[in-house]
């Protein structure tokens, strides 16, 4: 409460920077320009407007940025913000995008690299989904189907901050696509804020990361199956199906760091069990970073 009160006093006493109006206006001008692009219809919500104002204040006012850093919750959340939010809707597609952007890390080169990479990946995902929707419609017409009866391609892109500290930032982007069935893919970012590099499992668990993770995951699976065989019907290796089940983590294994500093390995739907189980996460140890 003391930090919050001090931050409030600093906020109330700070002077509004002269360049704030021009920064905010420029941000809104860019948003308006994007609205005129014909192939999608972005919606600038009140929350997005607040985000633009908030980022502008962080960028042009050291006093405001310092005040936010003194607030425990805002100080950590401010590193990942919604950069772009829009919806594309037609008879053949329903696409919702909430694109994250990192800021305030103190490493502008890393921010530029990561933000550009995120935008490139999301743009490619959206473009592919729109292409598939168009092809499905064309095929339906060629086959004589009523396109009004078609289920649209549904794409939802969201993000979640897993943890934020002085040393690391961990977040995930979820891509959920629905046509005949729903499928979610995860894009994880685990950043070392001091070096600006993407963290690896070797760095967060040590040189024996694979054996540590494999042993812990197998023990957790055994425990879950023993506790409730029906609730945890993992595909376990057997003489009949030797390739099914958990065979060990991959070289490109997905993971994140949780708020308690735990390293959590994550498997996509179907990777270690039936699709009904969805995404499966396993705590495999404490981060060394």
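The values are calculated or read from the model by the stated rules, or taken from the named source; none is laboratory data. For clarity, every value in this text was computed on a predicted model and none was experimentally measured. Backbone-built Cβ (ideal geometry, glycine too); neighbour counts: all protein chains shown.
A few remarks follow.
- Residues satisfying the stated conditions in segment 249-289, i.e. assigned to a loop (DSSP other than H, G, I, E, B) and in contact with a helix residue (DSSP H, G or I) (Cβ under 7 Å, 6 or more places away or on another chain): 249, 253, 269, 287, 288, 289
- Residues located in segment 141-168, provided they are in a loop (DSSP other than H, G, I, E, B) and closer than 30 Å to residue 197 by Cβ: 165, 166, 167
- Filtered residues of segment 161-178 (kept if closer than 19 Å to residue 269 by Cα and in contact with a helix residue (DSSP H, G or I) (Cβ under 8 Å, 6 or more places away or on another chain)): 173, 175, 177
- Subset of segment 195-209 [surrounded by fewer than 17 Cβ atoms within 10 Å (Cβ to Cβ) and assigned to a helix (DSSP H, G or I)]: 202
- Answer from 115, 190 - the residue that is assigned to a strand (DSSP E or B), outside the structural domain of residue 261 (by TED's automatic domain parsing) and either modelled with pLDDT of 95 or more or surrounded by fewer than 15 Cβ atoms within 10 Å (Cβ to Cβ) (or both): 190
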